[in-house]
1. Picking from VAL345, VAL351, which residue would you name as being touching a helix residue (DSSP H, G or I) at 6+ places or on another chain (Cβ under 9 Å), open to solvent by 10 Å² or more (accessible area, probe 1.4 Å) and either modelled with pLDDT of 95 or more or not charged (D, E, K, R) (or both)?
2. Can you find a residue in segment 530-542 that is among the acidic types (Asp, Glu) and surrounded by fewer than 16 Cβ atoms within 10 Å (Cβ to Cβ)?
3. List pairs: first in segment 300-323 and within 18 Å of GLY487 (Cα to Cα), second among the small types (Gly, Ala, Ser) and open to solvent by less than 10 Å² (accessible area, probe 1.4 Å), Cβ under 6 Å, 6+ apart or cross-chain?
4. Under the condition of being modelled with pLDDT of 95 or more and in a loop (DSSP other than H, G, I, E, B), which residue from segment 176-186 is nearest to VAL339 (Cα to Cα)?
5. Residues that are touching a residue at least 12 places away in the same chain (Cβ under 8 Å), small (Gly, Ala, Ser) and within 26 Å of TRP576 (Cβ to Cβ): does segment 339-352 have at least one?
6. Given the options ALA408, ALA396, name the one that is in contact with a strand residue (DSSP E or B) (Cβ under 8 Å, 6 or more places away or on another chain) and either of a type in the set (A, V, I, L, M) or under 26 Å from TRP363 (Cα atoms) (or both).
7. Could you pull out the residue among SER302, SER318, SER361 that is hydroxyl-bearing (Ser, Thr, Tyr), open to solvent by 10 Å² or more (accessible area, probe 1.4 Å) and at positive phi?
8. Could you list, in sequence order, the residues of segment 559-585 that are closer than 19 Å to LEU600 by Cα and open to solvent by 40 Å² or more (accessible area, probe 1.4 Å)?
Amino acid sequence: MTTPRSHDTGDQDTPPVPAAVPQPHAQAAGALGEPTARPAGAPPSDVSHPQQTAGDPDGTKARHDAVPHPQVANEPGRSPVQPEADPAPTTPLQAATGSGKSEADPAPAAPLQAAHESSGPGAGPAGFSRPQDAGEPDGVSVRAKAGPTAVWRSQRSGKSDGSVAAPESVVFPHPEARLVAAGDRDGVSGEDLARSIRRAAAHLDKLPPGPVFCGMRNTLASVFCYLGAWHAGRPIALLDPDLPAATLAELAERFEPCALIGFTQAGAEPPRRRTAPDPHPDLGLLLATSGSTGNPKLVRISRHAVLANARAIATALSLGPGEVAPTSLPLHYSYGLSVLNSHLVAGGTVVLTEAGLLERSFWNDLRTHACTSLAAVPYQYTMLRRMRFDHTDYPALTTLTQAGGRLAPELVKEFAAQAERFYVMYGQTEATARIAVLPPDRLDDKPGSVGVAVPGGRLEIDDGEVVYLGPNVMMGYAETAADLARGDDMGGVLRTGDLGRLDDEGFLYVTGRIKRIAKVFGTRVNLDDVERLLRGSGPVAATSGDDRVTIWTESLDKPARALLARRLAAQLRLHWSGFDVRHIDRLPLLATGKVDYRALESMT
């Protein structure tokens, strides 16, 4: 196969560069005695932080939070900073989400109506051209169309009709879906949710062409922005809201967004004039690659891929309207976003909280809202063990899911005993989220496996490499704004960069990585970049261990090694415990004079 290989060499992709530990905030770091990182001082006046109110701890109640206009790209006849005036919005992300009370909305023709009706065949908002099918009551249900993935399927199945295995029609969100902000018992659903999303879509549709950059928090404000962009037909990049100003400015220069919404660092501004062509009409979502070194690429994901994977996950996990999940992971992280999408498409409830697993409020919300499932990465399961987590304290909690890297076998057994259903999963951002799921009833007879392909997908092994084929594969990478106009470069085929094998029942076992990439708390770290950061520290080598990077040094004493671990943690925005710095008398070398990494790994 000659399909471009995913740069990912591990499991699930994670937050953008510089990346944080893949939990909503850094509370997990504090668990090990290290102070957590918080932005210094109060946020600037134009930062999209909802105002806190009594009874609304996170400031994201649908009817009460207010955030300034987004920073908007300049356009002839328009202010360089603000969009055209709107009638006094008083709501989440204000101009971006516009979800507060205003003049009456027309009654929708369906549970959720698009911000704009089609005015003719193929017409749609913000450059999103899609014919509306017979029997489709509004512009929201996205019907699967034959495309490059369909061609791949027909070629491999022998079918010539270009049919795809995706659902015939998917309403997103489902009419019964509900969003609940932390501290709010009732939540937003039905027509209230539909109205909030319509308003957000209408405001975003007024912006100049180009993608929206959203600092994606676990709040109603951010989710309305995401869903509003979806229904306005506008691609949206969900990014770490706490990105350093320099990183955000570099990304804005490369990708020319029309607006920056919700970021802590407000120094960056959109380009004053967009020079790149408009994004491709199929493009719905942009996520950053998760390496915590270097400049991130953006992963281009189509609307069809998002819905196909959300539906596949909902099917694999048997999700329905009765399911309630908290946001235990950041929503700019593909695993965390997949929890939101799969529950919205299945009609479930998502409890939006910015609290971490070490905060009492997280567990209070889990109990108050009778959450039925919890998603976590390996590091969080280690935390739960240290916290002496007991499922009997949360009787409604019946399902645990795990992705983001390999979970130690003893922890798989321990937490499988704490839940009616424990799902081990495998995925990559390049496949939208999930690639494989291990059914709970196969944990005992398939130890070490990450499961079988999600519904609609297929796994192959090509020269030892894991290859995934399915409708949820990305359109390709983007390094500049011009790349956003490209169509599907992948054709539904993803070379994962992982080594593995399939047994005779199709269960996948991941056995290694092609590239020198480590996973630290679910975040990918390029080991060669780590070594470059350590130039000047004497002879050093970096290798990958379970959920950490091992640094081998010939010249540093114990206090210096401890300082080195903290230095790396600060530079890569990860917890210091993810770096195991060891002394070695002499680094082993190959005959070529290069470091013998395999010999070092055998000593880990």
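1. Just a single option satisfies the conditions, and that option is VAL345.
2. no
3. ARG300/GLY476; ARG300/ALA478; SER302/GLY284; ARG303/GLY284; VAL306/GLY284
4. Selected residue: ALA177.
5. No: zero hits.
6. ALA396
7. None of the other options fit; the residue is SER318.
8. Result: ARG561, ARG582, HIS583, ASP585.
The values are calculated or read from the model by the stated rules, or taken from the named source; none is laboratory data. The model shown is predicted, which means the values in this text are computed figures rather than measured ones. Positions of Cβ are generated from backbone atoms using ideal geometry, with glycine treated the same way; all protein chains shown enter the neighbour counts. Surface accessibility is based on the protein's heavy atoms, side chains included, excluding ligands, DNA and RNA. Shrake-Rupley method; radii C 1.70, N 1.55, O 1.52, S 1.80 Å.
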